[in-house]
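Since the structure comes first, as structure tokens, the remarks are kept for the end.
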Amino acid sequence: MTRSTDVLQLTGVTRVHGEGATAVRALHSVSFIASAGELVAVMGPSGSGKSTLLTLAGGLDTPTEGTVAVEGRDLGSLRQAELARMRRTSIGYVFQDFNLIPALTAAENVAMPLELDGARTRKARDAARTALEEVGIGDLADRFPDQMSGGQQQRVAIARAVVGERRLILADEPTGALDTETGEEILRLLRARCDAGAAGVLVTHEARHAAWADRVVFLRDGVVVDETGSSPVDALLEPGLTR
Amino acid sequence: MSVKQALLALLEQEPMYGYQLRAEFEQRTGATWPLNVGQVYTTLTRLERDGLVAGAGSDDEGHVVYRITDTGRAEVATWFTTPVNRTQPPRDELAIKLALAVTVPGVDVGTVIQQQRSATMAALQDYTRLKRSGRAPASSDGADLAWTLVLDSLVFAAEAEIRWLDHCEARVRRAAVERAAQQRPGTPSEGAAAPRPSGATS
Ligand SMILES: Nc1ncnc2c1ncn2[C@@H]1O[C@H](COP(=O)(O)OP(=O)(O)O)[C@@H](O)[C@H]1O
Ligand SMILES: [Mg+2]
């Protein structure tokens, strides 16, 4: 059943790469939900299927079995053009290595999905500037990626992922290339977007970053093996409850 | 935990009575290591017996106020300049539990590890929420800074525990693969199929 707050819903998703003897089952029968206002972390050792899960959620890959729905729409039922539009307008993707276009300024990078979607240049640039201000680097709008630190580039990538009110933010090891302090700032930003109503999925192998999430899902060999729920904030204040 | 030294260190600021000491302690450490007032008074009695504090009369409301003595000051100075003893590691229930889990037959080590990882992760989520929602981080207020550092200590410890659990799981899996390879001579022990889940599944 889909609730209106379920921004992302994977149901019985299996993904097999290759065929026959060399087939690799990267995900097996995974069901997963991320709701509006919620940040979910996915943890697991390398090769456990984290990136596979995220690319399926983002419509960059299609499941062998099962369905992926974003805002109630089954991605498998969409035509190519509709899916592409969905990827530009509803889904924001943040990669470990930022994936910015070197020849474009920060503002141009952020404006690009909007412009591809047919927004007027002027309007797209304004939205891009607002998004850059929200992530705290409005003053760097005219810089090129190679004129920015890793943390600043990742902020641009986050601005690009959220610009235009996108409801689903997918981040694959977004803090992987950053130092702890900068990583924490990136988490703070993702968290803020989710608190503002987006659904977020964060893939990480760092426990301290996963701890920013409302729920932590553990993957092993393509299977969800466990999940922590959210418990009340003041649990720690009750002596003896947490240990 | 060194309640004795902590109370002495607080008394270096100014003379205080039991409830005050407890409040000052908890302001710096949150409710991480709750002190009951009985414990505070018992400790004060012992400190007085040993000449480290002395009674300083009562305040208007009749609370017995204590002040630190010169011997007490020397004790605090020694405490701050001596590293916490590491030669005898504190008994670690989790390490002991896993050491037994991998040797006692019939224990599903994968499940033991995963249950602990989830529990520790949940605690880490709590600490992180407190950090986010709590008082302003590292503001100029000394007690707030102290509490932030205590919280960070809990975060680091939980994180280290999770990393250690990840490491244990990887080692246990590798050992299982190697055992399987030994039982079937001629099978390559490395690089072939991925190890089976170690029992945390289903
Ligand atoms: N395009 C692909 N072709 C073949 N195997 C793949 C492909 N992508 C991923 N895999 C395999 O699927 C499994 C899960 O990979 P991935 O989702 O990248 O894991 P993670 O992100 O957790 O490290 C791994 O065994 C990986 O080798
Ligand atoms: Mg990956």
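The values are calculated or read from the model by the stated rules, or taken from the named source; none is laboratory data. Since the structure is predicted, the reported quantities are computational estimates derived from the model, not experimental observations. Here the Cβ is made from the backbone with ideal geometry for all residues, glycine too, and neighbour counts use every protein chain on show. Surface areas here come from the heavy atoms of the whole protein model, side chains and all, with no ligands, DNA or RNA. Shrake-Rupley method; radii C 1.70, N 1.55, O 1.52, S 1.80 Å.
General observations
- Ignoring the sites themselves, chain A has its longest run without GluC sites (Glu not before Pro) in a DSSP loop having at most 15 other Cβ atoms within 10 Å at A:20-164.
- Proportion of all alpha-carbon pairs of the protein assembly as shown beyond 42 Å (%): 31 percent
- Extension gain, A:Asp195 to A:Thr130, is 21.6 nm, computed as 0.36 nm per intervening residue step minus the present C-alpha separation.
- Mean residue ellipticity at 222 nm, helices only, chain B: -20500 deg cm²/dmol; runs of at least 4 DSSP H residues each add -39,500 (n - 2.57), and the sum is divided by the number of residues.
- Interface residues of the stretch A:211-231, defined as those with an accessible-area decrease of at least 40 Å² between the chain by itself and the complete set of protein chains (probe 1.4 Å), are A:Ala211, A:Trp212, A:Phe218, A:Arg220, A:Asp221, A:Val225, A:Asp226, A:Thr228, A:Ser231.
- Student exercise, the protein assembly as shown dipole from Lys, Arg, Asp, Glu Cβ charges, in Debye to nearest 20: 1220 debye
- Entry comment: accessible area of the stretch B:3-79 is 52 Å² per residue, from protein heavy atoms only and a probe of 1.4 Å.
- The label-point distance for A:Asp142 and B:Ala170, in a model that sets each label 7 Å from Cα toward Cβ, rounds to 4.7 nm.
- Nearest-0.05 FRET efficiency for A:Ser46 and A:Ala119, computed from C-beta distance (R0 30 Å): 0.20
- Sparsely packed loop sites in the stretch B:46-103 (the GluC sites (Glu not before Pro) outside DSSP H, G, I, E and B with at most 16 other Cβ atoms within 10 Å) comprise B:Glu61.
- Cα gyration tensor category, rounded, prolate or oblate, for the stretch B:93-183 with a/c compared to 1.5: prolate
- Loop-located trypsin sites (Lys or Arg not before Pro) in the stretch B:60-93 whose Cβ has at most 16 other Cβ within 10 Å (DSSP): B:Arg86, B:Arg91
- The simple Förster model, with R0 at 41 Å and r as the Cβ-Cβ distance, assigns B:Asp141 and A:Thr89 a FRET efficiency of 0.35.
- Surface accessible to a 1.4 Å probe, A:Arg155 within the full protein complex, Å²: 40 Å²
- Estimated inter-spin distance, B:Glu93 and B:Arg132, nm [label 7 Å along Cα→Cβ]: 2.9 nm
- For chain A, the convex hull drawn through the C-alpha positions has a volume of 146 cubic angstrom per residue.
- Of B:Tyr17, B:Tyr127, the residue with the largest accessible area leads and the full order is B:Tyr17, B:Tyr127 (1.4 Å probe).
- Shape category assigned to the stretch A:99-165 from the gyration tensor of Cα positions, a/c cut at 1.5: prolate
- Accessible-area order (highest first, 1.4 angstrom probe) of the listed residues B:Thr78, A:Thr55: B:Thr78, A:Thr55
- Counting heavy atoms of the protein chains alone, B:His167 has an accessible area of about 100 Å² for a 1.4 Å probe.
- Cβ-Cβ FRET estimate between B:Lys4 and B:Leu149, R0 fixed at 25 Å, reported to 0.05: 0.75
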